[in-house]
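Shown next, in C-alpha cells, is the structure this report addresses.
Every number here is computed from the coordinates shown, using simple stated rules; none is lab data. Keep in mind that this is a model prediction, so the values were computed, not measured. In this analysis, Cβ positions are derived from the backbone assuming ideal geometry, glycine residues included, and neighbour counts consider all displayed protein chains.
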Amino acid sequence: MTSTTWNKIFFGNDSGLRLGVSRFLFFACLCYISARTPYFISFHLLPEVLWLPKGFFSFLQSKPDWSYETWKVLLNIWRVSLVLSALGLFSRFSLKIAGGLGFLIMGIAHCYGYYTHTYIPLVAALLILMLSHAGDHFSLDQLIRKHPRPVQAFEYAWPIGYIKILFCLIFLAAGLSKIRNGGWSWIASENLQNILLRSYLYYPDVHSFASSLRLNEWIAQNLLLCQVLAFVTILIETSSPLALFHRRIALFLIPGLFLLQAAFYFTIYVNFYAYFCLYVFWIPWDKVFKYFRSRLSSKEK
Amino acid sequence: MGPWGKLRFAFATIVVLGSLGASVIGFEWFPFSNYPMYSQSFNPSTYKYFQLVGLDQDQQEVEIPIIDYFYPFWEAALYESISRNLQAGKNPYRMVEGLYYFHKKVRDHRKLPLRLSGFRLYVVHYDWQEFKQEKLNTNHLKNPLPQTREFLSDFYDME
C-alpha cells in the first residue's frame, strides 16, 4: 500500500460524522437482521449430536449447557445493545456488549456443521467497532454530553479504514479460493453451468421469488456466457483491494461487487443481504451531508 | 494516543491481520475465513446428496419441507451439517435420533402439520449428465429422481 493511501485511510481528516452515520446504519441493519427472524435463537434447540465447534470455539467439547431461557435473555440483551449502539446511547458500553455478544451468538451458530459465511464479516466489523469512538457523533451521547471528548481525527479514521480493508479482503479471499481450489477449470470448464443447475437441488426450499425467475436456467443454456461470467466473477473479486487505492476505481468496483452479490441471489439463490451493513462504510457521509446542507442554504437565499 | 488507545488499535489490527492471513494462506478459523464456498470446480459424473424423509405412525415415508421442520437449517444447510458430522466420525443413527427429538421439541410450538414418529436418512446419487440434460432440455420444474438411493439410517419412536 502506498504511503498516500495509508495516510488517507488512517490519518484522513475525518470529522467523526462519517463514522457516526456509518455506525448508525450498520447497527440499524443489524437490528433488522436480528429481529426479523428467530434464526440465531433456533440454533440452541439443535441436537447435541450435530455440535461441531470451530475456530475460537473449538475448546467447547459440548454445546453450552444453558437453558433456552438463558439463551433468550442473552439474545435480547444483544438486541437492546444493537439498538443502543445504533442510537449512540451509552455507546462506550453498548458497542462493547454488541461486539462481545455478537461474537458469541454468531459464533455458536457456526458450531453445528454448517458454516454460514454470511455473518462472519459482520462479526469482524463488530469487533473493530466495539473498541472505536463510533458513538461520539451522530448520536444521543453527543446531545447529552456537554463537553465533547478531545479525540484525534485518527481515532475516527481507522475504524472505517479497517472495515474497508476487511470488506476487500472478503472478496479477495473468495477470488483466491476459486483460483486455489478450482484453478483454470473454474472458468474454462462447465463448472458455472453445473453450479447454476445444482441450485435446483441445493436450494429448493428457500428464496422462492429468485427461483421463480429461473435466471439460472436461462444463463445455463449458453456455456460461453457461463464461462465469461465465471471469469468476470474472479476478476471483480480479486481486484477488489484496488478500491482502497483510488476513489474512482472504488466508484466502479464497489457497485460492481454489489451487483455481483445481487446476481448470486438471483442465479444461485445465495442471499448476501447481511453484507449491506458493510457497504455503508464506503459512503463519505460527511460530504453527502455537506452537499445537502449547501443545497439547502442556497435555496433559502 | 494513550496506552489504552494503542491497545484498542492493536486488537483491531489483529482482526484485520487474521482476515488477511485467512485470505492469502487460505485457512478457516472462526471469525477468520478464506470464503471457500463454491470454490471447487464442480464437474461431477455422479452427484452425491442426502435425503431425509419423515416416518408416520405406520412407518410410511413422508416427504417434508426441511426448512419448516429443521429451521434454522434449510435443506442444503442440514445436509452439509450431516455430511461434515459424518466426516467427523459421528454415528448416523445418533444423528437421525437427535433430529427426531428436535422435531418432538419444536413441533407444537411451530404448529407443524405432521407429528412424525421417526425419520429415515438416505444417500442419493444423481447421474449428473442426465440431470443436467433434463434440466436444460425439458423445462421441467420438478427435479428428476435420483439414480440410486442408499439407506443410511433411521430412527422410529415406538411410543
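State which residue is farthest from the chain's Cα centre (by Cα) when the search covers only segment B:126-159 and only residues that are more than 10 Å from every other protein chain (Cβ to nearest Cβ) and surrounded by 15 or more Cβ atoms within 10 Å (Cβ to Cβ).
Going through the qualifying residues, I end up with B:157.
Quick check on this structure: which one of B:54, B:18 is under 19 Å from residue A:123 (Cα atoms) and touching a strand residue (DSSP E or B) at 6+ places or on another chain (Cβ under 6 Å)? Spell out how you get there, then give the answer.
Values: B:54 fails: under 19 Å from residue A:123 (Cα atoms).
Answer to the selection: B:18.
Where the second residue is part of a strand (DSSP E or B) and the first is within 10 Å of chain A (Cβ to nearest Cβ) and lies in segment B:35-59, which pairs have Cβ atoms under 6 Å and are six or more apart or on separate chains?
Within 6 Å, the pairs are B:47/B:126; B:49/B:124.
Among the residues of segment A:124-140, is any away from every other protein chain (no Cβ under 11 Å), closer than 26 Å to residue B:33 by Cα, touching a residue at least 40 places away in the same chain (Cβ under 8 Å) and assigned to a loop (DSSP other than H, G, I, E, B)?
Initially, segment A:124-140 is screened for residues away from every other protein chain (no Cβ under 11 Å), giving A:134-140.
Still in the running and closer than 26 Å to residue B:33 by Cα: A:134.
Okay, now just the ones that are also touching a residue at least 40 places away in the same chain (Cβ under 8 Å), so A:134.
Right, trim to assigned to a loop (DSSP other than H, G, I, E, B) and you get A:134.
The answer is yes, given that some residue of segment A:124-140 is away from every other protein chain (no Cβ under 11 Å), closer than 26 Å to residue B:33 by Cα, touching a residue at least 40 places away in the same chain (Cβ under 8 Å) and assigned to a loop (DSSP other than H, G, I, E, B).
Which of the following residues is under 30 Å from residue B:66 (Cα atoms) and in a helix (DSSP H, G or I): A:260, A:229? Talk me through it step by step, then tell me what you get.
Working: A:229 fails: under 30 Å from residue B:66 (Cα atoms).
Answer to the check: A:260.
Of all residues in segment A:174-197 being in a helix (DSSP H, G or I) and more than 7 Å from chain B (Cβ to nearest Cβ), which is surrounded by the most Cβ atoms within 10 Å (Cβ to Cβ)? Reasoning before the result, please.
The initial filter retains those residues of segment A:174-197 that are in a helix (DSSP H, G or I), namely A:174-182, A:185-188, A:191-197.
Next, only the ones that are more than 7 Å from chain B (Cβ to nearest Cβ) stay: A:175, A:179, A:187-188, A:192-193, A:196.
Values: A:175: 22, A:179: 15, A:187: 22, A:188: 12, A:192: 27, A:193: 24, A:196: 22.
Among those that are in a helix (DSSP H, G or I) and more than 7 Å from chain B (Cβ to nearest Cβ), it is A:192.
Collect the residues in segment A:168-197 that are in contact (Cβ under 8 Å) with a residue 60 or more places away in the chain and closer than 22 Å to residue B:46 by Cα, keeping them in residue-number order.
The answer is A:195, A:196.
Which residues, counting only those in segment A:49-70, are facing another protein chain (nearest Cβ under 7 Å) and within 18 Å of residue B:95 (Cα to Cα)?
Within segment A:49-70, the subset facing another protein chain (nearest Cβ under 7 Å) is A:49-50, A:52, A:54-57.
Within segment A:49-70, A:49, A:50, A:52 meet the criteria.
Check whether at least one residue in segment B:103-118 is in contact with a Pro (Cβ under 6 Å, 6 or more places away or on another chain), free of Cβ contacts under 8 Å to residues at least 40 places away in the same chain and over 30 Å from residue A:186 (Cα atoms), and report yes or no.
Within segment B:103-118, the subset in contact with a Pro (Cβ under 6 Å, 6 or more places away or on another chain) is none.
No: zero hits.
If you take the residues in segment B:85-105 that are of a type in the set (Gly, Ala, Ser) and surrounded by fewer than 19 Cβ atoms within 10 Å (Cβ to Cβ), which one is nearest to the other protein chains (Cβ to nearest Cβ)?
So the first thing to find is which residues in segment B:85-105 are of a type in the set (Gly, Ala, Ser), and the list is B:88-89, B:98.
Applying the additional criterion that residues be surrounded by fewer than 19 Cβ atoms within 10 Å (Cβ to Cβ) yields B:88-89.
Values: B:88: 6, B:89: 11 Å.
Looking at the filtered set, the residue picked out is B:88.
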